[in-house]
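Report on one structure; see the data block that follows.
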Amino acid sequence: MSNTKAAINLAHSPGYTTLAFSRDGTLCYTGGDDCIVRLWKTDEGEDQEPPTAIEAGESIMTLAASNIAWFSGSKDSDVRQYKAGDPDMEAVVTSCAAACIRCVAVDPAGKRIAVSSDEAAIKVIDIEDTINMSILQGHNDVVRKVTWEPSGSFLTSCCADGKIIVWDLTQQEPRQVKLIDGIIPVVKDKDSRDFAYDCSAVWHPSGQYFVVASRTHDIVTIARDSWTKTSTFSDSSSTGNIYAVALSPNGVYLASSTNKDIHIWSTQTRRLLFTFPNATTEFITQIAFSPTKNLLSWTDFAGSLYRWSDPIPSSSPSPVTSTSTSALTRPVRRGPTPTLFDDDAVAHTSKQQANEDNGLGGMDDFENDDWILDDVGDGLEDDVGAKADDGQAFVKEMVSVTKAQPAFQPGSTPMENRKRYLAYNMIGVIEETDQDTHYIINVEFHDRSSRKAYHFTDHFKYDVASLGPRGAVYACQPENEHPAHVIYKPYGNWATQGEWTYELGDNVRVLGVAAGGPTPSKSMRTLSDGDMQGNGNVVVATSDNELTFLSGSGIERCSVALDGDFVSMVAGSEWVFVVQRDGSTTMDGSQNLMGTLYDFEDLCVLQNRKLPIRKGHTLRWIGISEEGAPAVYDSAGVMYLMPRFRIPLRGTWLRILDTSKLERRQGKDESYWPVGLSEDTFMCLILKGRQEHPAFPRPLIQELPVRLPFRGKDPKDAPLEEHFARESMNLQITRDALSNEDVPDEILARELALDKELVQLIQTACKNDKLPRALELASMLHHPSSFDMAIKVAGFYRLVGLQEKMEALKDDRITHGRPQRRDWARDYDPVLPPRLPPADVPKAFQHFGPPAAVHRPGLARATPSLPPIPKDDVFDHMPTTAVTGEGKRKWVDDDGVVVTNGDAGQLDSVKWHAVDDEYAAVPPPKPKANPFAKKPNGVADGSRNPFGRDNPNNKSLHKSESFFDKAEAAETGKWKGLSAFLVSNVGHKY
């Protein structure tokens, strides 16, 4: 086991602090804002009084040492030379007019120094003859760091504009070999803390590559043969800003500082080996290995010097001995089969040994990642002495070194400067301020017209919260005798009966909470008892490996057991999306996360899919889009969406955005903190430089376009193809929320718009004579009318064969419909949104409209029927057909006889349509006789219509008109003789 205690000395006043070891490792030089350089003996403890050099007039910015001297550079523009181990100054090597000295580096031979300053030029000075100087011109900004390649042939310089230049100093005139851009961050503000980070390009002792802290918070290697990035050092436990890096003297180990921790890596496998947690109280400004001892030292912004003795365990390879670089980090390969005289084997062994002696043996490891190595001996074993001596000591257990991602709450940040965000989403923000004895919770909403902001004093110190559409939920952890509990505060209802508290059992911790529910249909600013749609849903994840589902009024519904460790969750209007770890992490860096979608209605599993988080990356955010689809965002800046989440167990993760390919990010050092997602917009907070979380005051939400990460380069077709695919995906989400027979006009309009884009693509394909592409594009059209346009385009280019194929596609579409629509019928039924009750019911004395009409068939008004009226000139304008009160049609034949479809005697002359055979056996119902119709001659009962009138031809004419129409006509005098007719036939006189 390595030593976990470091010697600490308060070396300088708070501010930027730097250090350097002497070449023999006996001294450690430190300088700081107090303008003093102190010389510390590495073999003494914390109680020593080091000699000091006080010649500098301003802050010490850089230190370097050779075999015979050491050098300091300060803000007063001077580079001073001192004798090795002596605090007395010998000479001023160089000065830069009114420019701060940023870095001094001594070449491996100890004959030259490279000096960078606030000037863009770099000076390379001969130590023995300071007049012999070379000026390197190529940068356009402040050169922050310079480093030498181990042979002294190359010099690397890191500029504030994010560019690295490699210089060749082997010739009389130095020349620029390579300019590397986009690796290190861009930092323009000299007074910011980001400018104090160590961005040095640290060379490996072999000289084949160098490592540098990148702007993406990773440590990358740049190979000398191609000057490109070849590999990355990354681990889930090492996240955030990387302040400084250093390589051990033999190149076996790499030390880095992240946040306030020290990490030690294996350069062979790029795996994290050891960690010194909470190494400092401030960020680390510089770190270095002793050139002769197993010692690691660093300085921080508080002015302290730390010396960690024996950071590498004795059971692991030494960080100093040069033979371990090649002997212990190379893969063990099987030697060649010896020949009779063993000449080839000897030659191979000699060649391999020569390569190892030259320090080149370990460089092929970056090209062969299939080897699993043990380059640190017993450094990864918990107890070396606990090996079982059972004859199989050579068998070693392989354990995962990937640290499991802890549980987190989406939209929350850690406490910094006594403030933090408990929740930050598209609904609003929950801010928390630490007041020592209590917290102040402030809740703000983006749409202040629908919800009212509020704040309250928190004596329970809630550390987990969720902001839902109908209320906010808060949770605290157990403390002393008080168990953990959850409190839910619905919006618009601050009465005591609206809030409720749910207590957990003893020693049970809250890992996450989520508040969901349907979107309110009215403003929730007014105080009310809640509408008919309820107060939503609440889900609580606990350390008992369970999910507790509660209603918005505090009713416990069920407790669902989790299959693995809880990581995060978010709730929507209809479901809750839970992320858990499926087993353990893997050795290749995978977090092995699983996402499960639980339906609120019946608490069943709607989707259960593994998250597409790439190896070596972690989950940063989970959320829901405005259309209700689950979304995830990883540390690589990739957004994933599950469009068909409503089809049970059929959802897939689609890559909808890669922020590293955004146009606005090119040449900028920024990252994005997700807040929300819609069809075409990614809502986020833009973080600059090494910032990981949004700070205070609260930044504004920025909108970035959503673009599918397609690789098409055509300037005309590629945007159309991307928009077609993205819009088709969004239409799919919308269709799944509808029934199969319901296709609203909005969807039809969007499909027609997509067809127009397809026609444009078809035109380009026809123009370029890409007929198979044009035909395939035509098959994607939505509506038959769009085929006509495609056929016209093919005809314009005189592509007769293509026209015929498109016409065949159109005929098939008209006959059979779209294949996608046919698939809908065969697919699983989508889970439709639940039907919600009305949001509210009318209250007394608030609705003064007339009551709704009540239909009563028994009280319907009767329609009278008048007796036949003789045919007269006054009726010539009336129609010759009428409808009886029984609903039967009458007409007059050529002889003046009234014919009805109800008369039995006329049934033979009426032509009826044939019916299906299966209904032929059922006799038709017997028609009802018209009591007012005239009976034909020969009727047995001899009854006659008492209202009928005889005529010479024994024929009658019966015209049925509304009684009220006739009365109106009589009053206006339009029907002559109507009064006499009524008197003679009815017996009344008007």
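The values are calculated or read from the model by the stated rules, or taken from the named source; none is laboratory data. If you're wondering where the values come from, they're calculated on a predicted model, not measured in any experiment. Note: ideal-geometry Cβ built from the backbone for every residue, glycine included; neighbour counts use all protein chains shown. To get the accessible areas, we keep the full protein, side chains included, count just its heavy atoms, and leave off ligands, DNA and RNA. Shrake-Rupley method; radii C 1.70, N 1.55, O 1.52, S 1.80 Å.
Assorted remarks:
- Candidate set: region 206-216, residues that are open to solvent by 30 Å² or more (accessible area, probe 1.4 Å) and within 27 Å of K260 (Cβ to Cβ); chosen: the one farthest from the chain's Cα centre (by Cα): R215
One line per residue, one yes/no per condition, for (1) farther than 23 Å from L649 by Cα; (2) surrounded by 15 or more Cβ atoms within 10 Å (Cβ to Cβ):
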position	(1), (2)
S728	no, yes
V743	yes, no
L748	yes, no
L752	yes, no
Q763	yes, yes
D769	yes, no
L775	yes, yes
A778	yes, yes
L781	yes, yes
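- Of residues in region 223-256 being within 30 Å of the chain's Cα centre (by Cα) and β-branched (V, I, T), the one farthest from P205 (Cα to Cα): T239
- Scan of region 127-149 for residues that are open to solvent by less than 50 Å² (accessible area, probe 1.4 Å) and in a loop (DSSP other than H, G, I, E, B), ordered by number: I127, G138, H139, D141, V142, E149
- Counted residues, region 729-767 - those being touching a residue at least 40 places away in the same chain (Cβ under 8 Å), closer than 17 Å to G817 by Cβ and not in a helix (DSSP H, G or I): 3
- Residue count for region 638-655 satisfying the condition of being open to solvent by 60 Å² or more (accessible area, probe 1.4 Å) and either of a type in the set (D, E) or in a loop (DSSP other than H, G, I, E, B) (or both): 3.
- Screening the candidates S77, S59 for the property of being touching an Asp or Glu at 6+ places or on another chain (Cβ under 6 Å) and of a type in the set (S, T, Y) yields one hit, S59.
- Any hit, region 189-197, residues being in contact with a strand residue (DSSP E or B) (Cβ under 7 Å, 6 or more places away or on another chain) and open to solvent by less than 50 Å² (accessible area, probe 1.4 Å): yes
- For region 428-459, a residue qualifies if it is open to solvent by 40 Å² or more (accessible area, probe 1.4 Å), in contact with a strand residue (DSSP E or B) (Cβ under 8 Å, 6 or more places away or on another chain) and hydroxyl-bearing (S, T, Y), and exactly one does: T457.
- Of N608, N592, all but one fail to be farther than 28 Å from I555 by Cα, free of Cβ contacts under 8 Å to residues at least 60 places away in the same chain and more than 13 Å from the chain's Cα centre (by Cα); the exception is N592.
Quick grid of which residues meet (1) at pLDDT 85 or above; (2) open to solvent by less than 10 Å² (accessible area, probe 1.4 Å); (3) under 28 Å from Q607 (Cβ atoms):
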position: E479; (1), (2), (3): yes, no, no
position: E499; (1), (2), (3): yes, no, no
position: R509; (1), (2), (3): yes, no, yes
position: V513; (1), (2), (3): yes, yes, yes
position: D529; (1), (2), (3): no, no, no
position: L550; (1), (2), (3): yes, yes, yes
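- In region 439-461, the residues that are aromatic (F, W, Y) and within 26 Å of the chain's Cα centre (by Cα): F445
- For region 153-162, the tally of residues that are open to solvent by 10 Å² or more (accessible area, probe 1.4 Å) and either out of contact with any Ser or Thr (no Cβ under 9 Å at 6 or more places or on another chain) or outside any strand (DSSP E or B) (or both) stands at 2.
- Just one of (1) open to solvent by less than 30 Å² (accessible area, probe 1.4 Å); (2) not in a loop (DSSP other than H, G, I, E, B) fails for I613. It is (2).
- Residue count, region 172-187 (criterion: of a type outside the set (A, V, I, L, M, F, W, C) and closer than 10 Å to G689 by Cβ): 1
- Answer residue from region 656-703, given it is aromatic (F, W, Y) and open to solvent by less than 20 Å² (accessible area, probe 1.4 Å) and is farthest from E727 (Cα to Cα) among those: Y672
- Entry remark, region 49-73: residues being open to solvent by 30 Å² or more (accessible area, probe 1.4 Å) and out of contact with any Ser or Thr (no Cβ under 9 Å at 6 or more places or on another chain) number 5 in total.
- Per-region count, region 1-48, residues of a type in the set (S, T, Y) and open to solvent by 40 Å² or more (accessible area, probe 1.4 Å): 3
- Residue list for region 232-254, filter: surrounded by fewer than 18 Cβ atoms within 10 Å (Cβ to Cβ) and more than 24 Å from V567 (Cα to Cα): T232
- Of all positions in region 89-104, none carries a residue that is in contact with a Leu (Cβ under 8 Å, 6 or more places away or on another chain) and modelled with pLDDT under 95.
- Of Q409, Q405, all but one fail to be in contact with a strand residue (DSSP E or B) (Cβ under 7 Å, 6 or more places away or on another chain), closer than 19 Å to A695 by Cα and part of a loop (DSSP other than H, G, I, E, B); the exception is Q409.
- Some residue of region 74-81 being assigned to a strand (DSSP E or B), surrounded by fewer than 21 Cβ atoms within 10 Å (Cβ to Cβ), of a type outside the set (D, E, K, R) and in contact with a Phe, Trp or Tyr (Cβ under 9 Å, 6 or more places away or on another chain): yes
- Region 96-126: number of residues that are surrounded by 15 or more Cβ atoms within 10 Å (Cβ to Cβ) and in a strand (DSSP E or B): 16
- All told, S568 falls short of being in a loop (DSSP other than H, G, I, E, B) and in contact (Cβ under 8 Å) with a residue 40 or more places away in the chain.
- Per-region count, region 713-723, residues open to solvent by less than 50 Å² (accessible area, probe 1.4 Å) and either within 28 Å of P185 (Cα to Cα) or free of Cβ contacts under 8 Å to residues at least 40 places away in the same chain (or both): 2
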